[in-house]
Every structure is written in C-alpha cells, then in structure tokens.
Amino acid sequence: MPRLNYHHNLCTACRSCELACAFINFQEFNPAKAKIKIYLDRSSGSISLCTEENCIYTPDCREFTCTNYCPSGALYTTKEV
Amino acid sequence: MDEQAGGWTGKLLRIDLTTKEIKVESSLSLVNHYPGGRGLGQWVIFNEIPVTADPLEKENVMVFSCGPLTGTMAPASCRLSIDAKNPVTGGMASSNMGGHFAPELKFAGFDAVIVTGQAPAPVYLYINNGKACLKHAENLWGLGTRETENRIKQELMDKYTRIISIGPAGENLVKSACIIGDESRAAGRGALGAVMGSKNLKALAVRGTQGFSIFNPGEFLHEVNQYREKLNRNEVIKTLRTLGTPATIPGANQMCRLPVRNFQDDHWPEDKINSVHPEEFKNNYRVRKLSCFNCPVFCSAFYRIKNGEFAGLACEGFEANLVWNFQSRIDINHPPAALKFHEMCIDLGLDIDNSSGVIAWALELFEKGIITKKDTGGLTLKWGDYTPVMELLHKIAYREGFGDILARGVKEASSLLQRESEYFAIHVKNQELVEGIRSLKGWALGTVVAPRGGGHLNGAITTEIGKLSRQDSRERFGVETAGVPTSYEGKPQVVFWFEKFKSVVDMMGLCCFITCWLHYELPGLEEITRLFNAATGKNLTAGEIMKTGQRIHNLEKAFNTLHAGFQRQDDYPPRRLMDEPIKSGPFKGEMLEQNHWDKMLDEYYNLHGWDPETGLQTRSGLEGLGMESVLEKLKNNRSLVEK
Ligand code: SF4
Ligand code: SF4
Ligand code: SF4
C-alpha cells in the first residue's frame, strides 16, 4: 500500500489538495469536508498539515487525488516498506 | 440547490449599515445578466449609486463579488472584485484581490455582498454559512490590518476565518487607502479602503463550510486538467513559480518601463537594477513560496529579514510594482527597505502605487525647491533616502502635518499647493500613474484610457512585452504590429481586444496571470468559455462572453461620464510624458507624441462605437450591445451622442 508524504518546505498553502479531496469524495467544492487540512501561520510563515488517518481508504480516492493536484510537489506518495 | 445555479451559490447578502438591516436575496437574475465579479459589481453600482453621491458619504455602495469560477477547481479561482464609486477620480472603482476570502464567501453560500449606508460606530461584518451579523469594532479601530485579522480570529475563536480589512489609512479617509486580505493581498486602486472607512466598516470576516456544486463535474474536471497541463508547460509560468512577478523587473527596465525619480526618466542604471534583482530577494530574504487559493502558479512568497535595521520583519509579499514604485520611482535601491515599505503599506492599509506616486511628487518638489522644510514639517526629502519617506508614509496614513496634504492624492494635493507643482503631479483621471509608459505605445493607450484611472489592468496590452510575431499578431488581432513596442499603428485594435478579455477574466473570478492576458501562449477565451459552460450549464459562445466583457467596459465608461464628466481630454497622458522624452536606456528619446495619440484615440473610439469628437458613447454603439437602460440614463443626462 502506498503512503501519503508531505514535503513541508515545498508547500505553498494553496489548498488545492483540500479542494480536490472534497471534490473527489463528495462532488462539491468544499474544503471543510476534505480529509486533509492546511494551515499557514502568517506571523511565522510556517505551514502545518493534518490528514484523517483513514483518508486513503475512502472508496472514491484510491489514487491519492490530492497529490495529483498539488502543484508544488509538496504532496507525494511512496511505497510503504 | 437550484440546478440552474451551478457554479453560483444563487444567493447574495445585502447589508444596510445605517439601519443594520441584513437581507439574503437571490443572485440569479443578476448573474444571468452579468455573471459575476467586476461585471456584477459594476452593474450594481451603476444602478444604485446616485450621480450626486459623495464617494465618502453613505450614498456610496460597495459590492464585494465572486465569479462563477471562484472557489472551483479552475486554476487560480481566488479572485474577489470590489466595486464602488471612486473617491480619487469621482468615477468608477473596481479593484481585484486574490487570497482566500472570495472562495470562502462562496463556501459560506454567497456570490456577493452589497453594502450600503453608513454605520454610526465602527463595526465589522461576520458572515457564516448563509447568515451574517454586524459586530462591534470600536476595539479594532486604529489597529493595523495584521493585528485586526488576528484579533478577529481570536474573538471568533476560529483561525480558519478569512478576513479583509482596512488600516488607519482607510479610517482616516486617505485617498491612497486600500483594503487588505490575508495580511498580504490588496484591493489597491481607487481608495476603496477610504470608502470602507467612511462607512465605519473595519472588516469583513467569513467562514463557510457548506460548499457548492457545479453543473457538469466530469466535463469540468477534464477542462481543469487540460488547463493545468498547459500551465505546466509554459515558460512564463515556470518563471513566476521561481521568482514571482519581480522576475519581470530587469526586463521591464530594458524596455524602459520603470518610472525613475517621478518620471524624470523611465530607465534605471544597471548597478541599481542589479541590487534589487529578484534573485537578491530570493537568496537573502525569502523563506518559502506562497500562493493564493488553489493557484498552481504560486507567484507569492514569505519573506523574513534576520539582521540589520529591519530585523524581525516577517511578511508575505510582494509584486513587481513594489520595486518600480518604492524603489526606482523614489530612487532607492535597498531590498530590505523595499520589504519594509511593503509591510508598512500592508499594515497601514495604503496602496503601494498611489502612496508612492504622491511621495515621488513631493520628493521632486523638494529637489526643485518648490517646497522646503517649512512645508514638510522639518523633513528633508531626498532621492534615495528612505527614512524620511517612511516617516511620510506614516504621516499620510494618520494625516499628520504635511501628510494631510499628501493624503489627498497627487491631483488634489497639487491643486491645493499650486506653485506650478501641477506639472509634476503625474496622474491620469486624477489618480496616480503607476508605471513608465513612454516606450510601449499600446500599453500606454490601454493604461491611459482605463476607466478606473491610469492602470494597466484593463486594456494595457502585453503583446509588446512578449514581442508577438507579425503573423501571430495578424491572426489574433487583424493587425501586424501588436508585438512592435514603439509603433502606434494598429494598437487601438489590440487594446480593444484586451479590454474585453480582461473584463471577462475579472467577471469569472480568475487571476489574469494564468491567462493569455499575461502572455499570448497561455490559455484564454476558449478555455474559460468551456470552464464557464461546464460549471454553470449554460451554453454561451466565446463571442457572447466577449460581448459581455465589452458591456462591462461600457458600463464603466457610462459611470465615468455620469459621475465624473470624463470626456476625450481625460484620455490623454500626463503632459510630462508628452513633452519630455526618456533620457536613457534602449528606448532613449521615446515619448508619447500628441499627433499620434490623437489618431490612436480616434481609432479607439470608433472601434467602441463611441464619438471621436467628444469621446462619449453613442446611441448606435449602446443599442448594438443591448444596453438600453444605460443609454436612457446617458440621454437624460445629456451625455449621449445621437448617432
Ligand atoms: S489521499 Fe485522497 S482522501 Fe486522503 S487527503 Fe488525499 S485526496 Fe483526500
Ligand atoms: S496542494 Fe500541495 S502545495 Fe498546495 S497546500 Fe496542498 S500540499 Fe501544500
Ligand atoms: S498567479 Fe499569483 S496572484 Fe495570481 S492567483 Fe496565483 S498566486 Fe495569486
């Protein structure tokens, strides 16, 4: 089973991942429903990410949709070892 | 949700600040007419603001609107259009902002917010999932925009709230006051911050978790994927991803587009340009790249200064205009000072273009001895000396001493001061000109005839910068010369096209940087049309969409005629740019020549179906666009040409 990875330094806080995740799972534009959440702290410039533990098992997202829509390469998958 | 409303939420909010009445209305009749963004905003202000309205009194109406593509997966679907009557020009204002506010507004269930009246005491508007309320903002009044955002998030106990707000400049009704969102994004031109200030409206805060859907998800996603692939292959986008818009600075200097010392020249010496090279900022101050909502271009970045005079500064920023306005225009070449200017403007809520314009004017007057320390309250103003300029910026925002004069904008300030200072007041339709325009004739025409007053975000053409080939030029615009910078020939046709297309981009809710507005190899009208149709279920042709773009431009023109009385004479560049040639650089000797300008204007008016003699709109022109109600208003005001 591949694993979702996150390269913190590359993330631009664009939230395309949130948007794509919600769209693929619920057919609506609604980042609040995404199983991934990005937060940019505007005083320090640091970004944090959290995902729901079971996110890759959703029936509609077997292909890590969020990584396909991550423009910076911050999200990527690796084979679990 | 209504099937018909795909892409739209179908609702808008109407707030009367005087009576505190808040209404939720259907947006569908509006969006069927003008799909959103700048189109929707201009239609509302055209119909709702009385011609006699003072822009800084309660009769002014502000519209904050999204487009049908805002908040969708279409790339760079982040834009908010803010439209109102313009305190600087007396005509229309429309300013466009990226960030995260607009998508959140749609997720909260609204296509637009219309604000009328004037609150008796400071308030902010809180919008949350289909509802809204006014909250006290006395405790926020006086705060900078960054602190304002933080306090509101604390008060609402929700760090995911998206906020746009004004700083002290807006509160003090400064003519260069803007609106700031996400501590970084600005709706800069047209003193919209002052309009909010006059309404006692400190901020709008929004949180939305209800989302919206579109008509044809499968087709839409297919279009999105194709669009993104085209962006990925494009060289200009690659550069923006690496360096952002500051990447354009060295090239802009080569094309003599940088205003130097208040337009004494449009070209800066190489050593100065090198010291503010985008790589300098990247290597020494950049922490990471950042992006607006759902934008694959991520042209923004977060900067931090670790050492020296401005140590501790940490802020998202900045666009190329910072460098040409708060560096070359006042002849400062010091990147940390540039970043400090940027952060000050964000926090004070000052527009970089307008505030630097009036400051450059003051510096030149001081140089020429027209003003002295007696006028400036003891400040010695000197090209290249940033410390007094920072002091001035502060004084402008708080209207202290000499700052109170500069806070009126360069046109009003020079009329007040006189002493032959008017010649050095570089403005178009009363608003500060942003950039050097003597070298590129089409860019100049588009910039000068822009309804909002001197700006490149309407019809300024980018084909001269990209050097479009003669053949491509012929195919696209029916003229050969779109890519020839110094040629006046054929430029009105190209400007006419750009005006319509930019209106389309602004009404859809997209960022113009991902379209062929920026570079002709980028996707454009066809792609946007397909996205629009898939999202909304409509079946419009590209031609019909362009026609709506043309209508928006005509609405703005009519607003200007009715409210500000602008005519042909207001479509000329500042005198200096027609009298003094560029002094150095590859385009040395170029200026804007009166006889050529006359001819370009004739052609430009004819293309629009306007009257070349007066510059006013005509019956046949407006009838051809189906704009009868606009026609009637102009007729009743005796400013329609009957032909
Ligand atoms: S892997 Fe799939 S479900 Fe999980 S966050 Fe990404 S898009 Fe959403
Ligand atoms: S899509 Fe990628 S770059 Fe954008 S917020 Fe998500 S992880 Fe970060
Ligand atoms: S290109 Fe830049 S300004 Fe435009 S939406 Fe993307 S990040 Fe924002």
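The values are calculated or read from the model by the stated rules, or taken from the named source; none is laboratory data. Nothing here was measured: the structure is a model prediction, and the numbers come from that model. Methodologically, a virtual Cβ is constructed for each residue, glycine included, from the backbone with ideal geometry; neighbour enumeration extends over all protein chains shown. Ligands, DNA and RNA are excluded from the accessible area calculation, which covers all protein heavy atoms including side chains. Shrake-Rupley method; radii C 1.70, N 1.55, O 1.52, S 1.80 Å.
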Efficiency of FRET between A:Asn68 and B:Arg419 - r from beta-carbon atoms, R0 60 angstrom, step 0.05:
0.45
Length added when fully stretched, B:Asn595-B:Asn232, from 0.36 nm per residue minus Cα-Cα
126.3 nm
Label point distance in nm, A:Asn9-B:Leu28, each placed 7 Å from Cα along Cα→Cβ:
5.3
Computed over the Cα atoms, what is the radius of gyration of segment B:244-428 divided by 2.2 N^0.38 Å, N being its residue count?
1.03
Treating only the Cβ atoms of Lys and Arg (+1) and Asp and Glu (-1) as charged, compute the dipole magnitude of segment B:11-207 about its Cα centre; round to the nearest 20 debye.
320
Averaged over its residues, how many other protein chain Cβ atoms are within 10 Å of peptide A:26-36's Cβ atoms?
6
When Cβ neighbours within 10 Å are restricted to other protein chains, what is their mean count per residue of peptide B:496-508?
0
Interface buried area A-B, accessible surface with 1.4 Å probe, both sides summed, nearest 100 Å², comes to 2900
Leaving out ligands and nucleic acids, and using a 1.4 Å probe, what accessible area per residue does the protein assembly as shown come to in Å²?
34
Starting from the Cα of B:Lys643, draw a straight line to each of the aspartates and glutamates and keep only those under 15 Å, dropping any in the same chain fewer than 8 residues away.
B:Asp611, B:Glu613, B:Glu623, B:Glu628, B:Glu632
Cα-Cα longer than 30 Å, checked against B:Lys23/B:Lys199; B:Lys159/B:Lys238; B:Lys230/B:Lys289; B:Lys238/B:Lys583; B:Lys199/B:Lys374, kept in input order, equals B:Lys159/B:Lys238; B:Lys238/B:Lys583; B:Lys199/B:Lys374
Percent antiparallel among DSSP beta bridges with both residues in segment B:11-207, to the nearest 5?
75
Taking max minus min of the Cα coordinates of segment B:282-380 on each principal axis, largest first, gives extents in Å of 49, 28, 22
Within the under-12-Å Cβ sphere about A:Ala13, not counting A:Ala13, Lys/Arg +1 and Asp/Glu -1 give a net charge of +1
Antiparallel bridge percentage (DSSP; both residues within chain B; nearest 5):
80
B:Asp54-B:Glu580 pseudo-label distance in nm [points 7 Å out on the Cα-to-Cβ vector]
3.6
Is the shape of segment B:486-624 rounded, prolate or oblate, going by the alpha carbon gyration tensor and its root eigenvalues a ≥ b ≥ c, with a/c under 1.5 for rounded and a/b larger than b/c for prolate?
oblate
Global geometry of segment B:1-61, whether rounded, prolate or oblate, following the gyration tensor of its Cα atoms and the 1.5 cut on a/c:
oblate
Packing-wise, with mean Cβ within 10 Å as the measure, how do B:238-251, B:130-143 rank, highest first?
B:238-251, B:130-143
Quick one, what does Rg over Rh come out to for the protein assembly as shown if you take C-alpha atoms and the Kirkwood Rh?
0.94
Keeping all protein chains in place and using 1.4 angstrom, which order do B:Glu613, B:Glu489, A:Glu52 fall into by accessible surface area, from largest down?
B:Glu613, B:Glu489, A:Glu52
May I ask you to rank B:Ser77, B:Ser29 by accessible area, largest first, using a 1.4 Å probe over the protein chains only?
B:Ser29, B:Ser77
In whole percent, the fraction of accessible protein surface over segment A:3-78 that belongs to carbon or sulfur atoms, probe radius 1.4 Å, stands at 47
Per-residue mean of C-beta atoms belonging to partner chains within 10 Å, peptide A:16-25
4
Please report the base-10 log of the normalised intensity I(q)/I(0) for chain A, using a Debye sum with one equal scatterer per alpha carbon and no solvent, at each q in 0.11, 0.15 (1/Å).
-0.26, -0.49
Straight-distance crosslink candidates among aspartates and glutamates, where the alpha carbon sits under 18 Å from B:Lys502 and sequence neighbours closer than 8 are dropped:
B:Asp83, B:Glu464, B:Glu521, B:Glu526, B:Glu527, B:Glu544, B:Glu556
Taking each pair of distinct Cα atoms in chain B once, what is the resulting Kirkwood hydrodynamic radius in Å?
24.4
Counting only protein heavy atoms and a 1.4 Å probe, tell me what percentage of segment B:244-428's accessible area is made up of carbon and sulfur.
48
DSSP beta bridges in the protein assembly as shown: the antiparallel percent, rounded to 5, is 85
Kirkwood hydrodynamic radius, computed over distinct alpha-carbon pairs, for segment B:409-537: how many Å, to one decimal?
15.9
What percentage of the solvent-accessible surface of segment B:11-207, computed with a 1.4 Å probe over protein heavy atoms, is contributed by carbon and sulfur atoms?
49
What are the extents of the Cα atoms of segment B:154-206 along their three principal axes, listed from largest to smallest and rounded to whole Å?
33, 20, 14
How large, in Å, is segment B:19-175 by the Kirkwood hydrodynamic radius built from its alpha-carbon pairs?
16.4
Considering the zone a paramagnetic label at B:Ser275 would reach in this model (a point 7 Å from Cα along the Cα-to-Cβ line), which residues of segment B:336-374 have amide N under 20 Å from it?
B:336-343, B:360, B:363-364, B:367
Nitroxide proxy distance, nm - points 7 Å out along Cα→Cβ at B:Cys133 and B:Asp158
1.2
Under the rule of at least 5 residues apart or a separate chain, name every residue whose amide H is placed under 5 Å from the amide H of A:Thr77.
A:Asn5
